[in-house]
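To start, the structure itself, in structure tokens.
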Amino acid sequence: MKIIAFGGSPSKNSINKKLAIYASSLFENAEVEILDLNDYQMPLFSVDIEAEVGQHELAKAFLAKIESADFLVVSLAENNGNYSAAFKNLYDWCSRINGKVFQGKPMLLMATSPGGRGGASVLEIAKNAFPRYGADIKATFSLPSFNENFDAENNRISNSEFDNQLKEIVMSLEK
């Protein structure tokens, strides 16, 4: 099984990318490819720019990565209760090429944040929107208070309750 995983943030130290990497590592016998949103930076989407440049090559490349996957592991950053601007821009460019951005792929959808809500707002938005854009959301997971519940040095969830919850989700997805 090929997994494409990414965090919905352009931060070099993205906590959502760290969570996506950890979650994808829990799948047995999987080939995992981690994407970095910084590799897909494009001008701010507008129909005027689209008229000038057409379908952006980086959006095509991102969609090709999604197409190559058997499973998606996505952890979204929450900026002011919504997607990060970098993710939303990529999503906008891609949706103009293929309205089903996620191409029917099964997905583990997650979010984390330094706060106690764990990206709950963006997770709720994505749970409602992503299926209209071709996501087959199989499970969701939120990790609150990232800095207290994730051991960045060892790249793992340090809170056993949350760690066991994610491991159970992954085991159920593998069946």
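Readers should treat all values here as calculations from the given coordinates under stated rules, not as data from a laboratory. Given the structure is predicted, the values throughout are model-derived calculations rather than measurements. Positions of Cβ are backbone-derived with ideal geometry, glycine not excepted, and every protein chain shown enters the neighbour counts.
Does residue 145 meet the test of being within 17 Å of the chain's Cα centre (by Cα), surrounded by 15 or more Cβ atoms within 10 Å (Cβ to Cβ) and of a type in the set (Ser, Thr, Tyr)? So residue 145 does not fit the description; no. Restricting attention to the stretch 1-34, the residues being within 17 Å of residue 90 (Cβ to Cβ) and crowded, with 19+ Cβ neighbours inside 10 Å number 11.
Looking only at residues in the stretch 39-58 that are in contact (Cβ under 8 Å) with a residue 40 or more places away in the chain and either in a loop (DSSP other than H, G, I, E, B) or among the polar types (S, T, N, Q) (or both), the one that is farthest from residue 7 (Cα to Cα) is 55.
Restricting 130, 141 to residues that are among the aromatic types (Phe, Trp, Tyr), under 24 Å from residue 66 (Cα atoms) and part of a helix (DSSP H, G or I) narrows the list to 130.
Taking the conditions (1) more than 22 Å from residue 22 (Cα to Cα); (2) of a type in the set (A, V, I, L, M, F, W, C); (3) within 14 Å of the chain's Cα centre (by Cα); (4) surrounded by fewer than 20 Cβ atoms within 10 Å (Cβ to Cβ) in turn, residue 49 satisfies each one other than (3). Do we have residue 75 as within 14 Å of the chain's Cα centre (by Cα), among the hydroxyl-bearing types (Ser, Thr, Tyr), closer than 21 Å to residue 130 by Cα and not in a helix (DSSP H, G or I) here? Answer is yes for this residue.
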